[in-house]
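Readers should treat all values here as calculations from the given coordinates under stated rules, not as data from a laboratory. Note that this is a predicted model, so its numbers are computed, not measured. Using ideal geometry, Cβ is built from the backbone for each residue, glycine included, and neighbour counts are taken over all protein chains shown.
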Amino acid sequence: MNPQRPSPPDIDVDIADTGRDRVIEYVTQKYGEDRVAQVITFGTMEARAAIRDIGRVLGLPYSDPDLLAKLIPLGSSIDEALTSVSELQELYKNPKYKELLDLAKRVEGVARHSSTHAAAVIIADAPLTNYTPIQRDAKEGKITTQYDMYA
């Protein structure tokens, strides 16, 4: 190991989906529930969902935000679509649609929900609360970190 490394290395082990729950259960029993957790992940508000959600909040008929959302190319942001989709540019001139799109741009990319990362597990040398806030999953009662894997 490089003595100049600023932090200890992590260990990355790939485990088949079919055996993952058994491995997590094993390490939890071996090291303790307070030292093992799965990692949280956050789903973000994508452009199309942001438009539909804001339309619902504004009380617009479903067809209005749906029309706009369908004009957003998959994987594009609202701003990107406004520069590349001429029909959307025209609709943006309508004050009702402009308000909807401007509000949707403000929530686009914001965390919408949390879930458990499919594979990431943390095993610590001390109680996890020394390192990260944790929470108990409402569905299954599993402990997850409140920091995602990029924090």
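Output the number of the condition that L58 fails; it satisfies all remaining conditions of (1) under 22 Å from P133 (Cα atoms); (2) surrounded by fewer than 18 Cβ atoms within 10 Å (Cβ to Cβ); (3) aliphatic (A, V, I, L, M).
Every listed condition holds for L58 apart from (1).
Does at least one position in segment 93-104 carry a residue that is closer than 30 Å to V36 by Cβ and without any contact (Cβ under 8 Å) to a residue 40 or more places away in the chain?
No, the conditions are met nowhere in segment 93-104.
Only one residue in G59, G141 is within 30 Å of D21 (Cα to Cα), free of Cβ contacts under 8 Å to residues at least 40 places away in the same chain and not in a helix (DSSP H, G or I), so which one is that?
The unique qualifying residue is G141.
Looking at G75, is it surrounded by fewer than 18 Cβ atoms within 10 Å (Cβ to Cβ), over 24 Å from Q135 (Cβ atoms) and under 24 Å from the mean Cα position of the chain (by Cα)?
yes
I need a count of the residues in segment 72-108 that are under 18 Å from G59 (Cα atoms) and part of a loop (DSSP other than H, G, I, E, B).
1
Can you confirm whether I15 is crowded, with 17+ Cβ neighbours inside 10 Å and either in a loop (DSSP other than H, G, I, E, B) or of a type in the set (A, V, I, L, M) (or both)?
Taking the combined requirement at face value, the residue does not satisfy it.
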